[in-house]
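Student: Take this structure first; my questions come after.
The values are calculated or read from the model by the stated rules, or taken from the named source; none is laboratory data. Not measured: the values here are computed from a predicted model. Heads up, the Cβs are rebuilt from the backbone with ideal geometry, glycines too, and the neighbour counts pull from every protein chain shown. The accessibility values were calculated without ligands, DNA or RNA, using every heavy atom of the protein model including side chains. Shrake-Rupley method; radii C 1.70, N 1.55, O 1.52, S 1.80 Å.
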Amino acid sequence: MSAQAIQQLRVPPSEAFAHNSVVDTLNRNFPDTTHLGDLDQILGEASTNQAALRQQLSESEKTLDSLITRTRVEALTQLENARDFSSQRDNIEDELAYLSHSLVSSLSPAGEDNGPTLLEDIETMHRSLKELENVRAYVAVVERALALSEAAVSQLRSSVSPVSAASASVYDELHAFIDDVTRSCKAAEDIGNSHGSIHLVSFLETIREKTWANMKAVLSAALVSASESINWPTSVDFLAASKEARSNFELAFSDMLRLQEIGQSLRSPLQGRECLDPLEALVQPVALRFKYHFDGERETNQLDKPEWYLTHIANVAHDHRPFMEGVVQRLLVGTRFQNVNAWYQYTTLLLGILDRKIKRSMPKLVDHPALLAHTIYQALIFDSTLRDLGYEFDAVANKNDEEMERGGISRIILDQKEWFDAWLEGEKKFADDQYHEIISASDAWLIADDSPNNPREHIRSYENDLKATNSARRIKALVEQITDRYMPIPSFRQRTQFLVHVQVPVLESYHSRISSSLDAFETLSSALVRAVPGALGVDATKADSRRLTGGVEGSQRLCKALLSARYIEHTMKAWGEEVFFLELWAEINRRVHLRTRVEEHPSLPEPSTRTRDAQEAPEGTIFEELVIQYEKLSLRAEDMLVQQICGECEAALKPHFASLASTSNDEGATDDLMVPPTLLPSIALLSSHLTFLRTSLPSSTVTHLYRRIASRIAEHILQREVLFRPGLTRVSGGRQVFTRRQARAVHAECELWAETCQVALNTSRARAEKPWSRLLTAGRLMGTEMQGYERACQVLLGEGQEGSKDEDKWEDAMDEITGLGSGALGRDEVKALLRLRGD
């Protein structure tokens with residue numbers, strides 16, 4: 001019962017409620033006076049009811065007291081229980097907090113100070129247990145493999161020759177055991193449980209390889225010991241050795257061969273060619289001797305003498321060749337290695353010694369270009385020496401286009417970009433230094449001696465001696481030296497780099513040097529510089545420009561430029577036809593990456609982009625563009641030389657032409673003709689120029705220049721002294737004509753020009769007269785006798801037959817008069833000349 005119900009029960013009776021209840025009962029039972037008779041009965045019932053109620057009240061009070069007492073006792077009990085429960089709750093909350101804190105992992109970011117949970121401890125111990133089990137299994141496998149390895153070596157060491165499959169039975173067991181472990185580890189990897197299996201397999205493979213190496217070392221020691229008895233590693237005379245020594249060597253060699261055969265049947269074949277184990281053993285004493293001489297502190301180990309150790313290996317390969325081909329090759333017969341070339345494989349193994357030596361030396365050589373270049377050059381010579389001996393290096397694939405190229409010991413250096421670039425830079429610097437030394441030499445621009453007493457410098461062109469300056473000869477020698485440096489390089493890519501970065505720049509620089517000298521000559525010889533000192537930046541106080549550019553000295557300067565350019569031009573034409581450059585040009589046209597490199601260089605020709613057959617030769621040569629540039633430079637020098645000589649001669653003729661107007665027209669008493677003093681300077685000047693050209697230039701060049709010079713001067717004289725001569729005698733009709741004496745003087749002067757040139761050039765009369773034909777024809781027409789004059793007039797002015805017969809008749813008549821035919825004069829010009837005659 002609740003406390004509220006108990007409180008309600010303890011409330012005393014309400015008098016108001018009782019009064020109202022009595023009134024309601026009376027009103028209900030006695031609605032009027034007629035019902036008063038039932039009052040006694042009702043009172044009695046009420047008394048009875050009151051007594052019962054009092055009885056119930058008494059019982060209720062008793063029950064209430066009992067209930068209150070019991071309730072208080074229960075309340076106290078419950079209160080005590082509640083205190084106990086509260087205490088228990090606090091304890092539970094504390095324990096719950098502790099347990100919650102203990103469940104936070106030590107790996108949690110918020111639990112830096114927490115230790116591992118119980119679950120984590122269990123998991124850690126579980127993993128440790130599993131790892132210990134794996135280690136136990138791992139160690140057991142390794143222990144088994146090591147035990148078999150030691151047993152295999154011991155078995156072979158204790159076996160008796162000849163070696164058989166039973167001698168390697170333990171190794172066979174080891175091999176099978178490792179294969180089983182490998183398969184098991186692979187199966188574990190397939191199901192995702194590969195913990196440590198990869199390392200175990202690799203370690204077992206190492207044990208297997210080491211075991212095999214130890215087994216080979218056992219027989220190798222026996223073979224080396226037996227080889228010492230036949231005087232190995234020096235040159236071996238096998239037949240001179242004792243029978244026992246030969247037998248022991250052959251037996252030891254055969255044992256190693258049989259062991260290698262056993263190994264090939266058990267082990268997987270190696271990638272590439274496998275060398276013979278006996279040959280590897282025989283190389284060991286050679287390697288020890290090489291190390292003693294070239295890797296220690298002895299005087300034979302010098303960084304600047306790579307040819308010593310290269311020659312040593314080449315000599316070893318050469319000296320042991322008879323032994324390899326006569327004895328070792330015979331021992332291979334009947335085995336699975338009978339098709340192996342013993343000397344070839346032995347030489348290949350020797351190259352491994354050089355490989356290690358060169359790689360150890362290169363870091364010291366990179367900072368010394370001269371030593372680096374010398375080492376590479378000696379390596380290339382070594383490769384050539386071995387090829388001469390019949391050894392062919394394995395082909396190497398080019399990194400850019402996968403083309404197969406010749407191998408060699410030199411590729412150890414050349415295929416390393418850093419080392420090759422260092423060499424290339426050193427060679428370029430050397431070439432530049434040599435070029436500047438050549439150009440700066442005091443005799444650089446002197447014309448070289450081509451006398452027969454100097455055969456080294458006596459070079460024949462296609463038809464005559466090709467003269468040159470000292471600088472041109474030395475530039476040629478320098479370029480050929482550069483060619484010799486990179487010609488043995490097996491890689492076409494590296495050859496192209498040498499061509500582009502070292503060789504072509506030398507030719508470009510020399511071209512620029514000659515071109516700049518011609519520019520300077522033009523500047524000094526310009527009319528503006530002569531008229532205005534200091535013009536165009538030229539200091540007239542330091543040098544007399546007229547002396548530098550005038551007379552024979554000026555022609556000499558131009559001839560030096562011409563000879564230098566023409567010599568290099570013809571030299572490059574010859575280079576372009578050489579097999580080396582033809583082969584390089586063909587590869588450049590065929591390979592894309594080489595074409596790209598060459599296309600970027602302006603001084604090299606444009607390679608053909610169309611696909612060519614491997615046997616089809618490309619068009620042009622590799623120096624074609626440079627030849628064109630030098631050819632243009634030669635033509636420019638020729639033009640300047642012609643302009644120089646003709647300009648000076650024409651200037652010297654000005655006083656002579658001026659004197660013609662004032663010359664007396666009288667016939668005079670005598671028929672003797674004298675050379676006008678005003679004409680002598682020009683003739684002497686032309687003679688000195690031609691004499692210098694004859695002694696300085698090739699005959700073909702002299703002939704070409706002479707024709708241009710003579711034809712130009714002849715035309716100048718023809719126009720100024722003959723056709724448009726001032727001071728002529730005017731006759732009736734207003735026509736100006738030559739007097740007889742003037743005509744003969746013109747004839748004599750014309751002949752004098754040709755005779756002077758003939759003497760200066762030391763040539764025939766016909767060759768000397770050819771460029772002067774127009775002037776000579778005009779002079780001879782002017783100076784011919786009356787009979788010849790009338791004959792010319794008759795043919796020219798008379799009526800003749802039309803066509804070729806008339807032309808032939810014209811030429812025949814002119815040839816009778818002049819001896820030169822028409823001399824390239826037209827009929828109108830001949831008519832004009834004939835009209836100039838006063839007779």
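Student: Can you give the extra length, in nm with one decimal, that the chain gains between residue 389 and residue 240 once fully stretched, where that is 0.36 nm per residue apart less the Cα-Cα distance? Provide the component values of the computation, followed by the final result.
Tutor: Details: separation 149, 0.36 × 149 = 53.64 nm, distance 2.56 nm.
Full extension from residue 389 to residue 240 adds 51.1 nm.
Student: Using the beta-carbon distance between residue 250 and residue 292 and R0 = 25 Å, what value does 1/(1 + (r/R0)^6) give for FRET efficiency, to the nearest 0.05?
Tutor: Numbers: r = 28 Å, r/R0 = 1.13.
Using R0 = 25 Å, I get an efficiency of 0.35.
Student: For the stretch 271-409, just say rounded, prolate or oblate: build the C-alpha gyration tensor, square-root its eigenvalues into a ≥ b ≥ c, call rounded for a/c under 1.5, and beyond that prolate if a/b exceeds b/c, oblate if not. Kindly include the intermediate steps, with their values, before the conclusion.
Tutor: Working: a/c = 2.18, a/b = 1.38, b/c = 1.58.
It is oblate, given that a/c is not under 1.5 and a/b is not larger than b/c.
Student: Given R₀ = 45 Å, what would the calculated FRET efficiency be for residue 18 paired with residue 83, taking r from the Cβ atoms and rounding to 0.05? Please report the intermediate quantities before stating the final value.
Tutor: Working: r = 45 Å, r/R0 = 1.00.
With R0 = 45 Å, the Cβ-Cβ based efficiency is 0.50.
Student: What whole-number value in Å² describes the accessible area per residue of the stretch 291-430 for a 1.4 Å probe?
Tutor: With the other protein chains kept in place, the stretch 291-430 gives 51 Å² per residue.
Student: Treating cross-link reach as a plain straight distance, find the lysines whose alpha-carbon is under 25 Å from the alpha-carbon of residue 831, omitting any fewer than eight places away in the same chain.
Tutor: 770, 805, 809
Student: Measure off 7 Å from each Cα along the Cα-to-Cβ vector at residue 124 and residue 715, then give the distance between these two points in nanometres to one decimal.
Tutor: 11.0 nm
Student: Another one. Could you tell me whether the stretch 133-186 comes out rounded, prolate or oblate from its Cα gyration tensor? Rule is a ≥ b ≥ c as square roots of the eigenvalues, rounded for a/c under 1.5, then prolate if a/b exceeds b/c, otherwise oblate. It would help to have the intermediate numbers written out before the result.
Tutor: Values: a/c = 6.24, a/b = 2.14, b/c = 2.92.
Judged from the Cα gyration tensor, the stretch 133-186 comes out oblate (a/c at least 1.5, b/c at or above a/b).
Student: Something else about it: Provide the per-residue ³J(HN,Hα) series for the stretch 740-746, in order, calculated from phi with Karplus coefficients 6.51, -1.76, 1.60 and θ = phi - 60°, each as a whole number of Hz, with x at glycine and proline positions.
Tutor: Whole-Hz 3J(HN,Hα) from phi for the stretch 740-746: 4, 5, 5, 5, 5, 5, 5.
Student: Amide H neighbours of residue 837 under 5 Å, counting only residues 5+ apart in sequence or on other chains, H built in-plane at 1.01 Å?
Tutor: Hits under the 5 Å cutoff: 738.
Student: What is the gain in length, in nm to one decimal, between residue 834 and residue 300 on full extension, counting 0.36 nm per residue of separation less the C-alpha to C-alpha distance? Intermediate values should be presented prior to the final figure.
Tutor: Working: separation 534, 0.36 × 534 = 192.24 nm, distance 9.35 nm.
Full extension of this stretch gives 182.9 nm more.
Student: Determine which lysines satisfy two conditions relative to residue 476: a Cα distance under 30 Å, and not lying fewer than 8 residues away in the same chain.
Tutor: 305, 417, 428, 429, 467, 560, 573, 632
Student: For the ranges 348-359, 90-101, what's the packing order if you count other beta-carbon atoms within 10 Å of each residue, average per peptide, and put the highest first? Numbers along the way, then the final one.
Tutor: On the way: 348-359: 17.7, 90-101: 9.8.
Sorting 348-359, 90-101 by mean packing, highest first, produces 348-359, 90-101.
Student: Could I ask something else about it? Under a cut-off of 28 Å between alpha-carbon atoms, report the lysines in cross-link reach of residue 210, not counting same-chain residues fewer than 8 places apart.
Tutor: 186, 291, 357, 359
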